[in-house]
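Beneath this line is the structure, given in structure tokens, with notes to follow.
The values are calculated or read from the model by the stated rules, or taken from the named source; none is laboratory data. Keep in mind it's a predicted model, so treat the numbers as computed, not measured. When we count neighbours, we look across all protein chains shown, and the Cβ atoms used for this are built from the backbone with ideal geometry, even at glycine. Keep in mind that these areas ignore ligands, DNA and RNA; they rest on the heavy atoms of the full protein, side chains included. Shrake-Rupley method; radii C 1.70, N 1.55, O 1.52, S 1.80 Å.
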Amino acid sequence: MEKSTPSRIETKLIARLVNRYQFSVAIEEAYAVTAQTLGAMLPEDCGVLYLKDAGVDLYQPIAPWGNPDEPPKPLVSQDCWALRRGRMHKVLAGSQDIRCRHAVGPSNDAASLCVPIMTFGEPLGLLHFSTRGDERSFSDKRQAVGLIADLLAMTLVNIRLRDRIQDMVERDYLTGLYNRRPLEEHLKRLLKTAIREKASIGLIMMDIDHFGYFTENYGHGAADAVLRDLGAFLNEYLGKEDLAGRFGADEFLLLLPGHPLDASQRRAEHIRDLIKDRSQYEAHRHMRRITLSMGVAAFPDHGNNPADLIQSAINALKLAKKTGRDRIVVGEE
């Protein structure tokens, strides 16, 4: 059989897709432009793109196109022959071959195709489509869909690599918290919103007491363990809108959108209580040797720009350390 070649329309659509991939900043955007292209390229067919949840065997349908018989549902790898085998799985119209349980139509006697979106032997997602076309047209579509799946896989790798590099720039390698500069940039953006909406922002500056002495006596390994544990705690503790960063060697800054001064003080007290409770567990026994001093400030009480707010929190922290450490001090208004 003579090998088919892409039509001018297909070539144009794929070229546009590649261009859109270059400017996609999130996986969801890449999926959306893929579904849009497939819908334009295969207007009489239907299908869906699935994205694998991180760390679990679950694929969520996030980009359908066409008119399937029923809305697509999440699936696991055992629901799809392509995912089980790690390779394309096709079923021709009228064939007695085994169909995947998740097939979305347009009818049971239609041809269907499942293409795992693979990178380095690991599945990132799944592309599934069904068509009523004849065997020849199905073969042409299979090649086009396979090419798009390969392009999408490369795009997902690029997006994740870019996100990882950005995360390495923004995040402290030891604690997993924001570095100082990106945290200050977040504060600038939060302030613009708070000023516009007349909302509050709480700040908590915390410092590990006598950390230099601790490092000298117990070594850098123990010091790193404390920093990692504190970073892990803050990541677990933070609310959805809260932000935390490593502000200095042993200083941490928390940003609490929507928190007035009194609520921020209560959050600081809660943190101290939780850390003391955490240290009672054997896995966190190294935390028994440290205490924390904290300074609390808030917008609008202590200023309307990042520099003034941070300095107020720092001044309160200095006073906490000067007056005995292991305590919380609220900044003077």
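Observations on the model:
- In the range 314-333, the residues that are free of Cβ contacts under 8 Å to residues at least 60 places away in the same chain, within 37 Å of the chain's Cα centre (by Cα), part of a loop (DSSP other than H, G, I, E, B) and under 20 Å from Ile275 (Cα atoms): Arg327
- Residue in the range 251-269 that is nearest to Pro182 (Cα to Cα), counting only those that are under 27 Å from the mean Cα position of the chain (by Cα) and open to solvent by 50 Å² or more (accessible area, probe 1.4 Å): Glu251
- The range 45-125 holds strands (runs of 3 or more DSSP E) entirely within its bounds, and those carrying 3 or more residues that are open to solvent by 10 Å² or more (accessible area, probe 1.4 Å) map to 59-65, 111-119.
- Test: residue in the range 54-62 that is free of Cβ contacts under 8 Å to residues at least 40 places away in the same chain and touching a Ser or Thr at 6+ places or on another chain (Cβ under 7 Å): yes
- Meets criteria (under 19 Å from Ser312 (Cα atoms), assigned to a helix (DSSP H, G or I) and open to solvent by 20 Å² or more (accessible area, probe 1.4 Å)) for Arg181: yes
- In the range 126-137, of all residues being modelled with pLDDT under 90 and buried (at least 24 other Cβ atoms within 10 Å of the Cβ), the one that is nearest to the chain's Cα centre (by Cα) corresponds to Phe129.
- Conditions (1) under 26 Å from Ala222 (Cα atoms); (2) open to solvent by 70 Å² or more (accessible area, probe 1.4 Å); (3) within 30 Å of the chain's Cα centre (by Cα): number failed by Ile275: (2)
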